[in-house]
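*Asks:* Starting off with a structure, shown below.
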Amino acid sequence: MGWVPNIIIPKTKNILMEVELAPDIQERVNKIIQTLNLDYINSLRIICMRSKKSTANAYARIWNLPQIWQKALDIRTYYVIEVLSENFDHLPEEQKTKVLIHELIHIPKTFSGALRPHAYFNYRIDERTVNEFYQKYLDSLSNPNDK
């Protein structure tokens, strides 16, 4: 038998994260996609979930399905937007919308299953970028014919 490293695994509480479909978030995401005219995003292949008892320090996360998994499973591209209930649900409505916009900006225009990083080339996914998208969102809501 070969060498086995000494690994110390810290004891943690046995807390199982709970995950469920989030139709309220799905509706918000679909509205954002439509209002911002993000026509490269197939809203039928975005699944919104709400998690509870997560230990992550985030309001929301986006999960991708890389191309190797798509090929192996013979399925098309999907993305999952997960909102972390303890951190997201108490936010003001404006902040919830901004968080969801932030997650949607991570989806590349190719809708390939990849994710855009926070910084790539001259583009940043940051507060300024999210605020620009949010302002466009508000403008489109107040002037729906100006898309």
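The values are calculated or read from the model by the stated rules, or taken from the named source; none is laboratory data. For clarity, every value in this text was computed on a predicted model and none was experimentally measured. All Cβ positions, glycine included, derive from the backbone under ideal geometry; neighbour counts span all protein chains shown.
*Asks:* Keeping to segment 45-99, report how many residues are in contact with a Lys or Arg (Cβ under 9 Å, 6 or more places away or on another chain) and either part of a helix (DSSP H, G or I) or among the basic types (Lys, Arg) (or both).
*Replies:* Result for segment 45-99: 8.
*Asks:* While we're here: Evaluate segment 128-147: report whether one residue or more is within 14 Å of ARG28 (Cβ to Cβ), out of contact with any Cys (no Cβ under 8 Å at 6 or more places or on another chain), surrounded by 14 or more Cβ atoms within 10 Å (Cβ to Cβ) and of a type outside the set (A, V, I, L, M, F, W, C).
*Replies:* yes
*Asks:* Something else: So if I check each of PHE111, PHE88, which one is more than 11 Å from the chain's Cα centre (by Cα) and over 29 Å from ILE15 (Cα atoms)? Give the steps one after another, and end with the answer.
*Replies:* Numbers: PHE88 fails: over 29 Å from ILE15 (Cα atoms).
Residue meeting the stated conditions: PHE111.
*Asks:* Could you grab the pairs with beta carbons closer than 7 Å, sequence gap of 6+ or different chains, first residue in segment 114-127 and in contact (Cβ under 8 Å) with a residue 24 or more places away in the chain, second one assigned to a strand (DSSP E or B) and surrounded by 14 or more Cβ atoms within 10 Å (Cβ to Cβ)?
*Replies:* Going by the 7 Å Cβ cut-off, the qualifying pairs are ALA114/ASN64; LEU115/ILE62; LEU115/ASN64.
*Asks:* Those residues that are surrounded by fewer than 13 Cβ atoms within 10 Å (Cβ to Cβ) and either in contact with a helix residue (DSSP H, G or I) (Cβ under 7 Å, 6 or more places away or on another chain) or free of Cβ contacts under 8 Å to residues at least 60 places away in the same chain (or both), I need them from segment 35-51; list them, please.
*Replies:* Matches in segment 35-51: ASP39, LEU44.
*Asks:* Whether any residue in segment 52-73 is among the charged types (D, E, K, R), at pLDDT 95 or above and surrounded by 18 or more Cβ atoms within 10 Å (Cβ to Cβ) is what I want to check.
*Replies:* Within segment 52-73 (the criterion being among the charged types (D, E, K, R), at pLDDT 95 or above and surrounded by 18 or more Cβ atoms within 10 Å (Cβ to Cβ)), the answer is no, since none of the residues qualifies.
*Asks:* Something else about it: Output the number of the condition that ILE105 fails; it satisfies all remaining conditions of (1) farther than 27 Å from GLU18 by Cβ; (2) touching a strand residue (DSSP E or B) at 6+ places or on another chain (Cβ under 6 Å); (3) β-branched (Val, Ile, Thr).
*Replies:* Tallying (1) farther than 27 Å from GLU18 by Cβ; (2) touching a strand residue (DSSP E or B) at 6+ places or on another chain (Cβ under 6 Å); (3) β-branched (Val, Ile, Thr), ILE105 fails exactly one: (2).
*Asks:* Would you mention how many residues in segment 52-85 are within 16 Å of the chain's Cα centre (by Cα) and either among the polar types (S, T, N, Q) or closer than 18 Å to GLU132 by Cα (or both)?
*Replies:* Going through segment 52-85 one residue at a time, the tally reaches 5.
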